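> One structure, pasted below without further comment.
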Amino acid sequence: QVQLVESGGGLVQTGGSLRLSCAASGLTLSNYAMGWFRQAPGKERERVAAISRDGVITYHTDSVKGRFTISRDTAKNILYLQMNSLKPEETAVYYCNAGTWGTVRTGTADYWGQGTQVTVSS
């Protein structure tokens, strides 16, 4: 059974940093593309970042480029999202997902975590 479990969310001040983790079980990260989405209250789910199956290619949405970094540790089977210079408008539940390079960016991936709340205070 595949499980993706996010952690690392919390309350941080504007300009602060958080590192989100997504621990995977039942699948091997090196066999899947992985991604992060977020959803703020009353808003549509938004893609944030993705990493290809081989780990060579990464994608970051324009609004987070230079501040967020997606990475993975295949030995630990954990996906990360380092978030720096956080803004209040980035308050949301952050979800990781696993699938193909296409599906992890379009939000149609097969596997999703339960999400972790990130709150950025102004």
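> Where only protein heavy atoms count, and the probe is 1.4 Å, what is the accessible area per residue for the chain in Å²? Please report the intermediate quantities before stating the final value.
Numbers: 6090 Å² over 122 residues.
The answer is 50 Å² per residue.
> Something else now. Could you tell me the calculated FRET efficiency between THR108 and ARG67, based on Cβ-Cβ distance and R0 = 35 angstrom, to the nearest 0.05?
Numbers: r = 26 Å, r/R0 = 0.74.
FRET efficiency, THR108 to ARG67: 0.85.
> Continuing with this model, one more query. Write down the percent of antiparallel bridges among all DSSP beta bridges whose residues are both part of the chain, to the nearest 5. If you can, show how the numbers build up before the last one.
Working: 37 of 41 bridges.
Roughly 90 percent of the beta bridges in the chain run antiparallel, per DSSP.
> Report in % the part of the accessible area of the chain that belongs to carbon and sulfur, leaving out ligands and nucleic acids; probe 1.4 Å. If you can, show how the numbers build up before the last one.
On the way: 2790 of 6090 Å².
Of all accessible area on the chain, carbon and sulfur atoms account for 46 percent.
> Along the Cα→Cβ direction, 7 angstrom out, place labels at THR58 and GLU89. What is the inter-label distance in nm?
2.3
> Any lysines with Cα under 22 Å of the LYS43 Cα? List them, leaving off those in the same chain fewer than 8 positions away.
Hits, sequence-local ones excluded: LYS65, LYS87.
> Take the Cβ-Cβ distance between ARG45 and SER122 as r, set R0 to 25 Å, and report the resulting FRET efficiency rounded to the nearest 0.05. Walk me through the numbers before you get to the answer.
On the way: r = 23 Å, r/R0 = 0.92.
FRET efficiency, ARG45 to SER122: 0.60.
> Can you run phi through the Karplus equation (6.51, -1.76, 1.60; θ = phi - 60°) for region 88-102 and list ³J(HN,Hα) in whole Hz, with x for Gly and Pro?
x, 5, 8, 4, 5, 8, 9, 10, 9, 9, 9, x, 8, 4, x
> Counting each DSSP H run of 4 or more residues in the chain as -39500 (n - 2.57), what helix-only mean residue ellipticity at 222 nm follows after dividing by all residues, to the nearest 500 deg cm²/dmol?
-500 deg cm²/dmol
> Next up: Which ³J(HN,Hα) values in Hz, rounded to whole numbers, follow from the phi angles of region 103-116 under the Karplus curve 6.51 cos²θ - 1.76 cosθ + 1.60, where θ = phi - 60° and Gly and Pro get x?
These are the phi-based 3J(HN,Hα) values: 6, 6, 9, 9, x, 10, 5, 6, 10, 9, x, 8, x, 9 Hz.
The values are calculated or read from the model by the stated rules, or taken from the named source; none is laboratory data. This one's a predicted model, so the numbers in the text were calculated from it and none came from an experiment. Here Cβ is always computed from backbone atoms with ideal geometry, including for glycine, and neighbour counts include all displayed protein chains. Protein only, heavy atoms only, side chains kept; ligands, DNA and RNA dropped before computing areas. Shrake-Rupley method; radii C 1.70, N 1.55, O 1.52, S 1.80 Å.
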